[in-house]
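Everything on this sheet refers to the single structure shown next.
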Amino acid sequence: MRLPAAIGWVAVAPPVVSVAARVARLDESSSLLILADGLTPLLVPPALLALGIGLLQRRWTLAVLAAATAGALLCSTIPAIGLPAHVPPSGGMSPALRLFNANLHAANPDVAPIAEEIRAAAPDLVALQEVDPDGAAGLLRSGVVARFPYRMTEVRYGASGIALWSRFPLAESQVLDLGGMPFIRATVVLGARRLRFYTFHVVAPVGEDHARWKAQLRGVDEELRRERRPLVVAGDFNATRHHPSFRRLLSHRLADAHERRGRGWATTWPRGRWPLPPLMRLDHVLVTPEVTVRSVREGIGRGSDHRPIVADLVLR
């Protein structure tokens with residue numbers, strides 16, 4: 001009789017610690033708690049298991065604690081799915097574009113499969129992160145770059161290189177610095193219309209970098225809040241909507257493209273880490289209300305540790 005109760009207590013302990021840290025606003029105080037935030041949907045089943053054991057075994061303390069924990073987690077995870085927004089009929093004069101966003105992975109030995117994926121998706125805009133010299137050379141050899149006459153590329157060793165390619169003219173294009181990581185800000189010229197576009201790569205909150213991660217997300221928020229034009233933001237934020245620092249980005253005008261289509265639980269990372277499936281979505285496309293999300297899906301991303309995102313957008 002003691003074994004099931006022990007299993008229940010072991011199962012509920014991580015969710016309880018995570019919820020308690022959120023209540024105390026300490027959930028971004030360490031890398032481990034930041035990881036727990038990212039895995040929020042996966043903390044629900046252990047809490048429900050503990051609730052079931054508590055009820056069956058009449059362990060009321062366990063049952064009440066598990067019920068409160070599961071309730072708190074469900075209140076966070078269910079809204080994260082989002083609801084499919086109304087998509088107006090196609091046609092008319094509204095500019096449409098397809099965006100391909102991908103983290104190439106600096107340790108990728110061969111970017112040719114991702115180059116072929118870009119070619120097959122036939123996007124109008126391509127945002128890339130972790131563009132190192134080998135990856136940039138591989139993309140050039142593939143020939144896919146030639147499809148995009150307007151390009152901004154900041155090639156760097158390691159994980160900080162970044163690029164933006166476009167079929168449409170780019171104006172006011174700049175490579176700027178965000179706490180030691182470059183990001184790109186540009187205006188996409190869609191005939192008579194203009195669309196502001198950003199692509200970011202935020203450091204992973206591992207070890208001492210968790211403070212830098214918070215500072216960079218705060219910098220992203222400050223940068224984007226200054227924008228008043230129609231806006232699309234894409235990149236690898238190393239964060240999910242369960243992280244307060246990332247959720248702050250969604251408290252102004254921006255919305256997550258996946259949530260706009262009712263796909264907020266879609267995942268992009270880790271890829272290629274068998275036996276682990278992708279567990280969370282660190283990669284995001286964010287849009288302002290002037291941008292309609294017709295569809296959004298995840299690509300394959302062979303050779304990378306992230307799955308790409310392909311989003312069909314319309315500027316209203």
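Pairs are defined by a Cβ separation below 6 Å, a sequence spacing of at least 6 or placement on different chains, a first member in segment 135-163 that is of a type in the set (S, T, N, Q), and a second member that is surrounded by 18 or more Cβ atoms within 10 Å (Cβ to Cβ) and at pLDDT 95 or above; the pairs so defined are Ser142/Ala115; Thr153/Ala163; Ser160/Met181.
Against the numbered list (1) assigned to a helix (DSSP H, G or I); (2) surrounded by 14 or more Cβ atoms within 10 Å (Cβ to Cβ), Pro79 comes up short only at (2). Given the criteria in contact with an Asp or Glu (Cβ under 9 Å, 6 or more places away or on another chain) and not in a loop (DSSP other than H, G, I, E, B), does Gly235 qualify? In short, yes. Tell me, yes or no, whether segment 85-99 has at least one residue that is among the hydrophobic types (A, V, I, L, M, F, W, C), in a helix (DSSP H, G or I) and surrounded by 15 or more Cβ atoms within 10 Å (Cβ to Cβ). The answer is no, given that none of the residues of segment 85-99 is among the hydrophobic types (A, V, I, L, M, F, W, C), in a helix (DSSP H, G or I) and surrounded by 15 or more Cβ atoms within 10 Å (Cβ to Cβ).
Screening Leu65, Leu49, Leu56 for residues that are surrounded by fewer than 15 Cβ atoms within 10 Å (Cβ to Cβ), touching a residue at least 40 places away in the same chain (Cβ under 8 Å), assigned to a helix (DSSP H, G or I) and more than 25 Å from the chain's Cα centre (by Cα) leaves exactly one candidate, Leu56.
Let's see how each residue does on (1) of a type in the set (Ser, Thr, Tyr); (2) under 17 Å from Ile309 (Cβ atoms):
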residue	(1), (2)
Asp124	no, yes
Gln129	no, yes
Ala137	no, no
Arg141	no, no
Thr153	yes, no
Pro182	no, no
Ala192	no, no
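Scan segment 198-240 for residues that are crowded, with 24+ Cβ neighbours inside 10 Å and of a type in the set (D, E, K, R) and the total you get is 1. Scanning segment 118-155 for residues that are in a helix (DSSP H, G or I) and under 22 Å from the mean Cα position of the chain (by Cα) gives Ile118, Ala121, Gly135.
Among the candidates Leu286, Leu282, Leu313, Leu224, the residue that is under 22 Å from Asp132 (Cα atoms) and either at pLDDT 95 or above or of a type in the set (Gly, Ala, Ser) (or both) is uniquely Leu282.
Among the residues of segment 100-117 satisfying the criterion of being over 24 Å from Thr187 (Cβ atoms), hydrophobic (A, V, I, L, M, F, W, C) and outside any loop (DSSP other than H, G, I, E, B), which is farthest from the chain's Cα centre (by Cα)? So the residue we want is Ala112.
Residues in segment 59-82 that are farther than 21 Å from Met280 by Cα and not charged (D, E, K, R): Trp60, Thr61, Leu62, Ala63, Val64, Leu65, Ala66, Ala67, Ala68. Taken over segment 140-165, the residue count meeting the criterion of being crowded, with 23+ Cβ neighbours inside 10 Å and either not small (Gly, Ala, Ser) or not assigned by TED's automatic domain parsing to the domain that holds Leu190 (or both) is 3. Evaluate the following for Ser251: is it more than 11 Å from the chain's Cα centre (by Cα), in the same structural domain as Gly135 (by TED's automatic domain parsing), small (Gly, Ala, Ser) and at pLDDT below 95? Here the answer is yes, as Ser251 does meet what is asked.
The values are calculated or read from the model by the stated rules, or taken from the named source; none is laboratory data. Worth saying up front: this structure is predicted, and the values here are computed from it rather than measured. Here the Cβ is made from the backbone with ideal geometry for all residues, glycine too, and neighbour counts use every protein chain on show.
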